[in-house]
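Encoded as structure tokens, the structure appears first; notes follow it.
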Amino acid sequence: MKQYLEFSAEVQKAKEEGKAIVALESTIISHGMPYPQNVQMAREVEQIVRENGAVPATIAIIDGKIKIGLTDEELELFGKSSDVAKVSRRDLAQIVATKKLGATTVATTMICAELAGISIFVTGGIGGVHRGAETTMDISADLDELAQTNVAVICAGAKSILDLALTLEYLETKGVPVIGYGTEVLPAFYTRKSEHKLNFSTDSIDVIAETLKTKWELNLKGGAVIANPIPEEHAMDEEYINGIIADAVKQAEENNIIGKDSTPFLLGKIKELTGGKSLVANIELVKHNAKVGSQIAVSFNSKTK
Ligand code: PSU
Ligand code: MN
């Protein structure tokens, strides 16, 4: 297995020194945001992780290797290139074996982080149960990964392009803890609130780190979702964004967009229909997640060293 992993110098050094490391995904760069904002976001997020006492490890697949930590040029490559595969669990072996450029989704970033010994992962939002999944069966592989891979994901909840109620039901069935950080309800990505109550909330980074440590010491396999609401000043108006999302979902249906193209299509449409405002909110919430996630990583690292 080790032959497939390649650590950046910064991450290698952090491992040797026992420093806290935060995994970051690359699909958010290649398929989640347009160039050049995507690359700028990725750099800023890495910097925020450093400022908060941890070391960033952006994960991606290049030339038959799973890269744990990217150089600046590699970040640029993923932001710019239109020839990057969106790699979920299903695709991982093939993209590595055929030496293609691959961007890792939440599911695949979790797999690779675990291989690399990294327990904490920061992103924007997770995939989930899509609206209409009763008939399409479109359920993101992110959810099953959370059920089986020991990595905690710090995110701003999930977007209402998904069916949030069914997403929470699915996570409950699979035994995945969803912990609200400073919120009693599941945040809906662009907005701080949804109508879905969580059954575990805390304002304490220490409690989150201790809970993760305890979970894994109890051999309760699988990850956890740490739901961190978008900062108030960047949150979007709920009625406005829900209207836009409904439009985007309708257009996806009309254009028969299915499978792995669904989420990138919806994200692009929402950006277009909001005249770029959703992108600003998206970037701000990822930056906030980077701060909180790094604090969790530092606390968790000090407990498990
Ligand atoms: N949600 C976002 N931005 C993203 C994604 C989701 O707000 O970039 C990406 C993540 O990489 C996530 C993936 O893992 O989409 C989910 O895709 P799918 O629904 O096809 O599983
Ligand atoms: Mn899907």
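Computed from the coordinates by the stated procedures, all read-outs in this text should not be read as laboratory data. Values in this document were obtained by computation on a predicted structure and should not be read as measured data. Positions of Cβ are generated from backbone atoms using ideal geometry, with glycine treated the same way; all protein chains shown enter the neighbour counts.
Between V84, V286, V22, the residue with the greatest mean-square fluctuation in the GNM of the chain (Cα pairs under 10 Å linked by springs) is V84. If the segment from K221 to K250 were pulled out straight at 0.36 nm per residue, it would be longer than the present Cα-Cα gap by 6.7 nm.
Which whole-number value in Å³ per residue fits the convex hull of the alpha carbons of the range 146-236? Numbers along the way, then the final one.
Details: hull volume 7.8 nm³, N = 91.
About 86 Å³ per residue, rounded to a whole number.
Using the Cα atoms of the range 20-64 to build a convex hull, what is its mean projected area in square nanometres? Result: 3.5 nm². What the Cα atoms of the chain give is an Rg and a Dmax of 17.7, 53 Å.
The P(r) of the range 169-214 has a tail past 13 Å containing 60 percent of all C-alpha pairs. 3J(HN,Hα) couplings calculated from phi for the range 185-200 with the Karplus curve 6.51 cos²θ - 1.76 cosθ + 1.60 (θ = phi - 60°) are, in sequence order, 10, 5, x, 10, 6, 6, 10, 6, 10, 9, 8, 9, 6, 9, 9, 9 Hz; Gly and Pro show x.
Spin-label pair F200-D72: with each label point 7 Å from Cα along the Cα-Cβ axis, the two points sit 4.1 nm from one another.
What ranking of L75, L166 emerges when the number of other C-beta atoms within 10 Å of each C-beta is taken as an exposure proxy, fewest first?
With the sparsest Cβ surroundings first, the list reads L166, L75.
Quote the FRET efficiency, to the nearest 0.05, computed for E134 versus E17 with a Förster distance R0 of 51 Å and r equal to the Cβ-Cβ distance. So, using R0 = 51 Å, E works out to roughly 0.55.
Extending 7 Å from the Cα toward the beta-carbon at both A147 and E51 defines two label points whose distance is 3.9 nm.
N242 to A93: FRET efficiency via 1/(1 + (r/R0)^6), r the Cβ-Cβ distance, R0 45 Å, to the nearest 0.05?
0.70
For the range 158-213, chymotrypsin sites (Phe, Trp or Tyr not before Pro) meeting the loop criterion (DSSP other than H, G, I, E, B) and having at most 15 other Cβ atoms within 10 Å: F200.
For the range 246-305, the alpha carbon positions stretch 52, 26, 14 Å along the principal axes, listed from largest to smallest. With no solvent and one equal point scatterer per Cα, compute the Debye intensity ratio I(q)/I(0) for the range 21-98 at 0.11, 0.14, 0.16, 0.26 Å⁻¹ and report its log10, rounded to two decimals. Summing over Cα pairs of the range 21-98 leads to -0.27, -0.43, -0.56, -1.30.
Restricting the trypsin sites (Lys or Arg not before Pro) of the range 190-241 to loop positions (DSSP other than H, G, I, E, B) with no more than 15 neighbouring Cβ atoms within 10 Å leaves K193, K221. Taking one quarter of the surface of the C-alpha convex hull of the range 74-134 gives a mean projected area of 5.8 nm². Restricting the GluC sites (Glu not before Pro) of the range 1-98 to loop positions (DSSP other than H, G, I, E, B) with no more than 13 neighbouring Cβ atoms within 10 Å leaves nothing. Histogrammed with a bin width of 10 Å, the alpha carbon distances of the range 1-159 distribute as 11, 43, 37, 8, 1, 0 percent, first bin at zero. Of the three principal axes defined by the Cα atoms of the range 162-305, the extents in descending order read 50, 33, 25 Å. Modelled spin-label separation between E184 and I258, with each label point placed 7 Å from Cα along the Cα-to-Cβ direction: 4.2 nm.
Across the range 199-253, the volume of the C-alpha convex hull divided among the residues equals 140 Å³ per residue. Ranked from largest, the principal axis spans of the Cα set of the range 115-195 equal 37, 29, 19 Å. Over the residues of the chain, the helix contribution to mean residue ellipticity at 222 nm works out to -14500 deg cm²/dmol, using -39500 (n - 2.57) for each DSSP H run of at least 4. Overall, the chain carries a charge dipole of about 760 debye about its Cα centre when +1 sits on the Cβ of Lys and Arg and -1 on the Cβ of Asp and Glu, all other atoms neutral.
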